[in-house]
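Single-structure report; data block below.
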Amino acid sequence: MNKVKGLKKHLNVLQETAYAEFGSALEMLSACKLSKKDSFCFGYFHHSKDEYNHTKTFLSLLKKYGQTLPSDIAREFRFSSNAVINKGYVSSKGFLVETMKLKNFIAYVYTNELLAKESFEGILKMLKSDISDAEKISLIMKDELRHHGLAEKHFLKYYPRLQPWQLMAYRIKETIQNKGRKLYFKNLQFLDKVLSPLYSFMANIAGLILTYLNLNEFNRNGKNLMDISTKSII
Ligand SMILES: [Fe+2]
Ligand SMILES: [Fe+2]
């Protein structure tokens, strides 16, 4: 039983990371579409492609480890592209490049790529018993560091007056928001647990009421519909 519990924890990490990577891929693709310069578009496109590849890697790991669990448990870890919004990885208000100032958007990329690389250190530890899996994670970490470096270069070139403390402030803000996002989803899960029995209770009551209602008024067989009162609900 403990083995299943441990595996579920691992699957949860792999699933959440797949969503985060997928969210990043979509963000970068939208940034590519809205780029004003060809060189920016090219950079965002390749960044997006990397993030899609990372998603693919995590989905393949999810599949590999999910197959070792009974199907009713593995089902909980199915990937659904819509959940990327429910889980807060992409905002329902729009993509970041649409809702943020460009400078803040680059700062977001700069800090998040580093945070991503740091979170992969934990995943690397988790998967270290399988050398080929650990190798895949190491390659992703290299990509994230490269993305972080590219965003930094962009900053130095286009915003040379930005101070290091400002980047640090961005990083602290993002760390807090990441934690907030996790809390938001946990709250949703909690509400789902509390409200689901209430909804099914209400549905049962509604069903019970319907069985006692006299529905003869709704029987229009053999009646001239033009004679029906205008106040009728049909
Ligand atoms: Fe990534
Ligand atoms: Fe990245």
(message) Can you tell me how many residues within the stretch 79-95 are of a type outside the set (Phe, Trp, Tyr) and farther than 17 Å from Met28 by Cα?
(response) 5
(request) Residue by residue through the stretch 117-142, note down the ones that are in a helix (DSSP H, G or I), more than 22 Å from Phe45 (Cα to Cα) and among the hydrophobic types (A, V, I, L, M, F, W, C). (result) Phe120, Ile123, Leu124, Met126, Ile131, Ala134
(request) Look through Leu114, Leu145, Leu150, Leu156 and report the one residue that is in contact with a Gly (Cβ under 8 Å, 6 or more places away or on another chain), assigned to a helix (DSSP H, G or I) and of a type outside the set (S, T, N, Q). (result) Leu150
(request) Please note which helices (runs of 4 or more DSSP H) are completely contained in the stretch 1-105 and include at least 1 residues that are within 16 Å of ligand 2 (Cβ to nearest atom). (result) 2-33, 38-66, 83-86, 96-99
(request) Consider only pairs whose beta carbons are under 6 Å apart and that are at least six residues apart or on different chains; among these, list those whose first residue lies in the stretch 97-116 and is in contact (Cβ under 8 Å) with a residue 12 or more places away in the chain and whose second residue is within 14 Å of ligand 1 (Cβ to nearest atom). (result) Ile106/Ala151; Val109/Ala151; Tyr110/Ala151; Glu113/Glu144; Glu113/His147; Glu113/His148; Leu114/His148; Ala116/Glu144
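Read-outs: derived from the displayed coordinates by stated rules, not from any lab. Because the structure is predicted, anything quoted here is derived from the model rather than measured. Cβ coordinates were reconstructed from backbone atoms using ideal geometry, including for glycine residues, and neighbour counts include every protein chain displayed.
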